[in-house]
């Protein structure tokens, strides 16, 4: 529930009873935490709590009487009671469909900050770099940015565009590594004060956070006027596979059933029968935990891979007697901790719902 409430929202709705109460606020915090653990996007979790707050205010009863305990309410999937058109405005990570400048800026700042911290820990506050280092840095940043864009496009159900972005990511990575290899023996070197990139990356992260806070709410997902029925069903198929991670066989079955139902209904366009493909994809996947389990499995696999690489790097440095073992230890602990947390989330996702 929202702490910034108007006087009308705090009006008495029952005998000597204001809404929300301190108990309702605690209930809301626990519900919000449960929804976020279930991978419900933050913007939708907030919408669920606003809806619950309004119901408690209208009834004059505490949230536990209206909805039950927080865990019981979360198990009821309250996000599925929201308007499908509202839920269709965001991808599975809660980002608005379309280009998101704040995500790009944040990604750039976080990656640059991680590289700067690692370089400072390894080489001190002044590091000697050349053209090969610059080429490698450019390749790493471009790979992360393009890779993130490829994931965003897939999350928006833009499968063809996502494949193109992945091809570009691979090309940039190979070109950057090749350039770094070709320039490895170049004698030109310059001393870089690491405080400069550190402060610059902190500023970039701050700018990304500011952009995200000022980001306008996502508009209603629509379909262009010139979209043919075939394009509508193709868009539905891509959304089910990309955004909702539905298995290919089930995706084809759902699309074929929708096409048959539309033809039997005799309407001029599937948009008239089902609404936008974004909203109908949301309806088709309500109550399905398979995408959440599949996403948790991918995250666990990726986190485990990074943890193993960090441990391997730490072991190699200890065997070779290299300096800077403390920062490798810190990185290994952080990545291994993230891997353990990802497996806990996977176990939670696989647990049957009562």
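The values are calculated or read from the model by the stated rules, or taken from the named source; none is laboratory data. All figures in this text were calculated on a predicted structure; none of them were measured in a lab. Virtual Cβ from ideal backbone geometry, glycine too; neighbours counted across all protein chains shown.
Taking residue 127, is it within 30 Å of residue 322 (Cβ to Cβ), touching a strand residue (DSSP E or B) at 6+ places or on another chain (Cβ under 8 Å) and either outside the structural domain of residue 295 (by TED's automatic domain parsing) or touching a residue at least 60 places away in the same chain (Cβ under 8 Å) (or both)?
Spelling it out, residue 127 is indeed within 30 Å of residue 322 (Cβ to Cβ), touching a strand residue (DSSP E or B) at 6+ places or on another chain (Cβ under 8 Å) and either outside the structural domain of residue 295 (by TED's automatic domain parsing) or touching a residue at least 60 places away in the same chain (Cβ under 8 Å) (or both).
Listed here are the residues, each with its yes/no results for (1) touching a helix residue (DSSP H, G or I) at 6+ places or on another chain (Cβ under 7 Å); (2) more than 16 Å from residue 189 (Cβ to Cβ).
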{"site": "113", "(1), (2)": "yes, yes"}
{"site": "116", "(1), (2)": "yes, yes"}
{"site": "127", "(1), (2)": "yes, no"}
{"site": "145", "(1), (2)": "yes, yes"}
{"site": "153", "(1), (2)": "yes, yes"}
{"site": "159", "(1), (2)": "yes, yes"}
{"site": "164", "(1), (2)": "no, yes"}
{"site": "169", "(1), (2)": "yes, yes"}
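Hey, can you tell me all the residues within segment 310-323 that are assigned to a helix (DSSP H, G or I) and at pLDDT below 85?
Once the filter is applied, which keeps residues that are assigned to a helix (DSSP H, G or I) and at pLDDT below 85, segment 310-323 yields 310, 313, 314, 316, 317, 318, 319, 320.
Which of the numbered conditions does residue 207 fail, given that it passes all the others? Conditions: (1) touching a helix residue (DSSP H, G or I) at 6+ places or on another chain (Cβ under 6 Å); (2) in a helix (DSSP H, G or I); (3) at pLDDT below 85.
Looking at each condition in turn, residue 207 falls short on (3).
Could you check, for segment 54-76, whether at least one of its residues is at pLDDT 85 or above, touching a helix residue (DSSP H, G or I) at 6+ places or on another chain (Cβ under 7 Å), within 30 Å of residue 156 (Cβ to Cβ) and not assigned by TED's automatic domain parsing to the domain that holds residue 299?
Scanning segment 54-76 turns up at least one residue that is at pLDDT 85 or above, touching a helix residue (DSSP H, G or I) at 6+ places or on another chain (Cβ under 7 Å), within 30 Å of residue 156 (Cβ to Cβ) and not assigned by TED's automatic domain parsing to the domain that holds residue 299.
Give the residues of segment 229-267 that are over 28 Å from the mean Cα position of the chain (by Cα) and not in a helix (DSSP H, G or I), sorted by residue number.
Result: 266, 267.
Scan 281, 300 and give me the residue that is in the same structural domain as residue 349 (by TED's automatic domain parsing), surrounded by 13 or more Cβ atoms within 10 Å (Cβ to Cβ), touching a residue at least 12 places away in the same chain (Cβ under 8 Å) and out of contact with any strand residue (DSSP E or B) (no Cβ under 7 Å at 6 or more places or on another chain).
300
Among the residues of segment 54-66, which ones are in a helix (DSSP H, G or I), in contact (Cβ under 8 Å) with a residue 24 or more places away in the chain and surrounded by fewer than 20 Cβ atoms within 10 Å (Cβ to Cβ)?
Those that are in a helix (DSSP H, G or I), in contact (Cβ under 8 Å) with a residue 24 or more places away in the chain and surrounded by fewer than 20 Cβ atoms within 10 Å (Cβ to Cβ): 58, 59, 64.
Picking from 134, 101, 156, 114, which residue would you name as being out of contact with any strand residue (DSSP E or B) (no Cβ under 6 Å at 6 or more places or on another chain), closer than 16 Å to residue 197 by Cα and modelled with pLDDT under 85?
The conditions single out 114.
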